[in-house]
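Asks: First the structure, then my questions, so here it is.
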Amino acid sequence: MAVVISNLDGRGGCDERHPPKTLHSRHNSANFYFVTESANICAAHGLRARKREATRSAITSAARRFTANHGLNGFTIEQLCEDVGISRRTFFNYFPSKEDAIVGHLLDEFPADAMAAFIAGGQDTGGSDAGVERGPGGLTTTLLRALFDLTVSMAEQLDFTRENVHALIKVMKVEPQLMIKMMGSAEAREHEFAHIITQREGLSPDDPRALLIASLFGTMSRRASQTFFSEDNVHSYADILAGHLAQAQQFFVFSKLTFEGTR
C-alpha cells in the first residue's frame, strides 16, 4: 500500500512544481492507484482555481469598461453581473464593492502561459550544466528580461485603448473613493509582484531584494504607461518600456558609488 501526500497550495489548489510524494510503498499496483488519485485531485483543484481566476478577471474587465464608459455611479452591480453572466451573490463572493472590482487582482492581469514561463525561467532543472545562470547576489541574470516580457504580455492582454484609459483617469479624478482605493492598492500590488519574484528566484518570502526589485521595475512600468497613453505618442508600450529600462541600466551600471549600505 502507498501513502501519498498531495502538496496543496494556500488556496486549496495543487502546487504543480512539487508533485505528490510517496512516503511508503508495498505494492506497485496500490502505489499507482494512489498516485493516480492524487493527480486527479490536483487536476480538479487546478481546474477550479483557473475557473475562479477567469471569473474574477472577467468581473474586473467589465467593471473597468463600465466605469470608463458610464462613470462609477453610471451602472449598477446588477448590470455588471448581467454583462459577465453571473449572479449578484457570485459577484460578492469575489469583491466587496464596485471599487474593489475595478482595482482587480494583479495575478489576473498576467496571461497564464506568460506567468508559467516567468516562474520556470528561474528554476534549476538539475545536473551540473543544467542550472540557470546567476549573478554574484544569487539572482538569475535573465530576471530583468523576464520581468520585461511578463509586463509586456500583460499590457497586450489588457487591450485597453487610450480612450478607455483617459475616461477611467477622468472618472478617478472626480471620484475620491476610487482614487483612494487605487492609490491604496499600489503598495499591495508591489508586494504581490515581489511574491512572484521570490517564487521565480527561489528567495525567502521576506527577502527585501524582491520588494526593492518590484518597486523599481514598477516605477519604470508606470512611467512607460504614462508615456504610452499620452496623446502625442506613436510608439509601442514595449519600445517605451525597453527604452526606460535601458536608460536606467546605463545609469546604475556606469554610476560609481563610493560607499556601501546594508543589503
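Asks: Tell me, what HN-Hα J-couplings in whole Hz come from the Karplus equation 6.51 cos²θ - 1.76 cosθ + 1.60 at θ = phi - 60° for each residue of the stretch 213-220, using x for Gly and Pro?
Replies: For the stretch 213-220, the Karplus-derived couplings read 4, 4, 5, 5, 5, x, 5, 4 Hz, x marking Gly and Pro.
Asks: Restrict the search to the stretch 183-259; then list the trypsin sites (Lys or Arg not before Pro) that DSSP places in a loop and that have at most 16 other Cβ atoms within 10 Å of their Cβ.
Replies: Passing both the DSSP loop test and the Cβ count: K256.
Asks: For T227 and E53 in the same chain, what is the full-extension length gain: residue separation times 0.36 nm, less their Cα-Cα distance, in nm?
Replies: Gain in length upon complete extension: 59.6 nm.
Asks: Let me ask you something else. According to a simple spin-label model (label point 7 Å from Cα along Cα-to-Cβ), what is the distance in nm between A117 and D239?
Replies: A separation of 2.1 nm, rounded to one decimal place.
Asks: Long-range amide H contacts for R134: which residues qualify at under 5 Å (H placed 1.01 Å from N, peptide plane, sequence gap of 5 or more or a different chain)?
Replies: T141
Asks: For the stretch 185-241, compute Rh as the Kirkwood radius over C-alpha pairs and then the Stokes-Einstein diffusion coefficient at 10 °C and 1.306 mPa s; write the answer in µm²/s, rounded to an integer.
Replies: The estimated diffusion coefficient comes to 128 µm²/s.
Bear in mind these aren't lab numbers, they're just calculated from the coordinates by the rules spelled out. Small disclaimer: the values here were computed from a predicted structure and weren't measured. Cβ coordinates were reconstructed from backbone atoms using ideal geometry, including for glycine residues, and neighbour counts include every protein chain displayed.
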